[in-house]
């Protein structure tokens, strides 16, 4: 079982992603904005972070950059999950340190595949 931090300012998105993470047998952790996500990542050191992009305080690109450059959290894979579906957004997200990019709306199977492949790439037992 992996510990997965879900960062999203939408209560409905947070609940939906949390339900899928639990269904896959993983332990969900949550944060409501980018700043809270960075703090939770440092505190909890999750196995994976699922990060929204459009959020108050610190957006997902900024939070991902912070997490990927912080020595204590840079090993944690971040997958951006966002409505921003332009190729330039995906490229920018990857340049900030994201290891994956999934656009909303997504299916449960698409999220499961992203989680599985990202955790598998890090050799984390799931």
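The values are calculated or read from the model by the stated rules, or taken from the named source; none is laboratory data. Worth saying up front: this structure is predicted, and the values here are computed from it rather than measured. All Cβ positions, even for glycine, are placed from backbone atoms using ideal geometry, and neighbour counts span all protein chains on display.
Which members of segment 33-55 meet the condition of being assigned to a loop (DSSP other than H, G, I, E, B) and within 12 Å of the chain's Cα centre (by Cα)? Of everything in segment 33-55, those that are assigned to a loop (DSSP other than H, G, I, E, B) and within 12 Å of the chain's Cα centre (by Cα) turn out to be 33, 46, 47, 52, 53. Within the span defined as segment 18-27, every residue fails to be closer than 19 Å to residue 69 by Cβ and buried (at least 19 other Cβ atoms within 10 Å of the Cβ). A single entry from 5, 58, 29 fulfils the requirement of being part of a loop (DSSP other than H, G, I, E, B) and either in contact (Cβ under 8 Å) with a residue 24 or more places away in the chain or in contact with a strand residue (DSSP E or B) (Cβ under 8 Å, 6 or more places away or on another chain) (or both): 58.
Scanning segment 71-126 for residues that are part of a loop (DSSP other than H, G, I, E, B), in contact with a helix residue (DSSP H, G or I) (Cβ under 7 Å, 6 or more places away or on another chain), surrounded by 13 or more Cβ atoms within 10 Å (Cβ to Cβ) and touching a residue at least 24 places away in the same chain (Cβ under 8 Å) turns up 73, 76, 77, 96, 97, 98, 126. Checking segment 43-64 against the condition returns a match, with at least one residue being surrounded by 13 or more Cβ atoms within 10 Å (Cβ to Cβ), modelled with pLDDT of 95 or more and on the phi > 0 side of the Ramachandran plot.
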